[in-house]
1. Quick one: which residues, 5+ away or cross-chain, put their amide H under 5 Å from the amide H of Gly206? H built at 1.01 Å from N.
2. Rounded to whole Å and sorted largest first, what semi-axes of the equivalent ellipsoid does the C-alpha gyration tensor of the range 220-285 yield via the square root of 5 times each eigenvalue?
3. Just in the range 115-157: which trypsin sites (Lys or Arg not before Pro) are loop by DSSP and have at most 14 other Cβ atoms within 10 Å?
4. Around Glu250, what is the net charge, scoring Lys/Arg as +1 and Asp/Glu as -1 over all other residues with Cβ under 12 Å from its Cβ?
5. Near Thr145, within a Cβ-to-Cβ distance under 11 Å, what is the net charge of the other residues, with Lys and Arg +1 and Asp and Glu -1?
6. Apply the Karplus curve 6.51 cos²θ - 1.76 cosθ + 1.60, θ = phi - 60°, to the phi angles in the range 262-273 and return the couplings in whole Hz, x for Gly and Pro.
7. Within the set of other residues whose C-beta is less than 14 Å from the C-beta of Asp184, count the net charge using Lys and Arg as +1 and Asp and Glu as -1.
8. Using mean Cβ contacts within 10 Å as the protection proxy, how do 63-72, 248-257 order, highest first?
Amino acid sequence: MTVHLLNRSKVEAQAHDLAQRMPELLVEASRVAHTVTHGVHGRRRKGAGDTFWQFRPFEESDAASQIDWRRSAATQNLFVREREWEAAHTVWLWPDNARAMDFASHLSPIAKIDRSAVLTLALAQLLVRAGERVGIPALLAPSSTRYTPNRVAEVLAKRPKTLGQGLPFQFRLGRFSECVIMSDFLTPLEQIFPELEQIAAQGVRGHLVQILDPAEESLPYQGRIIFEDMSGREQVWAGRAESLAQAYQERLQAHRRALADKATHLGWSFIVHHTDRPAAEALLALFARLNGAAGDYRYGAVGG
């Protein structure tokens, strides 16, 4: 069960004023994006374009017009000149807006939904600058204009709680596109895995960003505490909350390992980000993965 400290009135207030906070979040996103702008370039791929990519041996399926006769004349073989694909790539952004994302504890003043909004808007800015197309499944068609980040902000501000919860597996995303999903991923794995598999089955490469409040990592409560899920449907009474911490952390780590293993199996990336850490750290790690340069780097692992 997702564990949160009971504070329903605060959650409801956060849910209602997201639209009012959006201008501030957009400014914060611009600041975060600016810190990682250096070295950001579009991702090069082969295809139809004007820039030389590489030579490769001629195949029977190739047209004669593709043969580079000068290169071929230097050998006894035929070679084709491949060119760089200069069309924009599509990256779908999906910040989960389930009620659980409204949570913020005494250890961090930033709600998970606010941090996911900042990361989404900042990433949209970086991708558009790099010449990529950005969209939100079923809510915003992909585009790469300078107005795209503002349109993303409008969608996030207007998206009701009854729309867009969970993962975007039911929407057709397009083969060879990429999808960035930001969520706490604290729902049962048997619900998450089928949705990830259906997204991957579309030929989409995914990137998972698990956003957690630091209290969700450590469970730093003591004494008699009432824990309640954000929907208000389930409650747990703890006579000594501190006695639950070790078992809770072990279960959270097992849950995360299974999620990371699933991402690896699908050929996806996975990072963890805590709301008490700078947003730029998560954005740098995420953009590195989008550019395929992450290596074995893992930001925000338990105990890190």
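1. Residues meeting the criterion, in which the H sits 1.01 Å from N, are Cys179, Ser269.
2. Values: eigenvalues 169, 52, 32 Å².
Largest first, the range 220-285 gives 29, 16, 13 Å.
3. Arg146
4. Details: positive: Arg251, Arg256, Arg257; negative: none.
Charge balance near Glu250 sits at +3.
5. Working: positive: Arg133, Arg146, Arg151; negative: none.
Every neighbour counted, the sum reads +3.
6. Karplus values, whole Hz, x for Gly and Pro: 5, 4, 4, 4, 7, x, 9, 10, 8, 9, 10, 9.
7. In short, -3.
8. Final packing ranking: 248-257, 63-72.
Values in this text are rule-based calculations from the coordinates and carry no lab data. None of these values were measured; they are calculated from a predicted model. Glycine also receives a Cβ, built like all others from the backbone with ideal geometry; neighbour counts cover every protein chain displayed.
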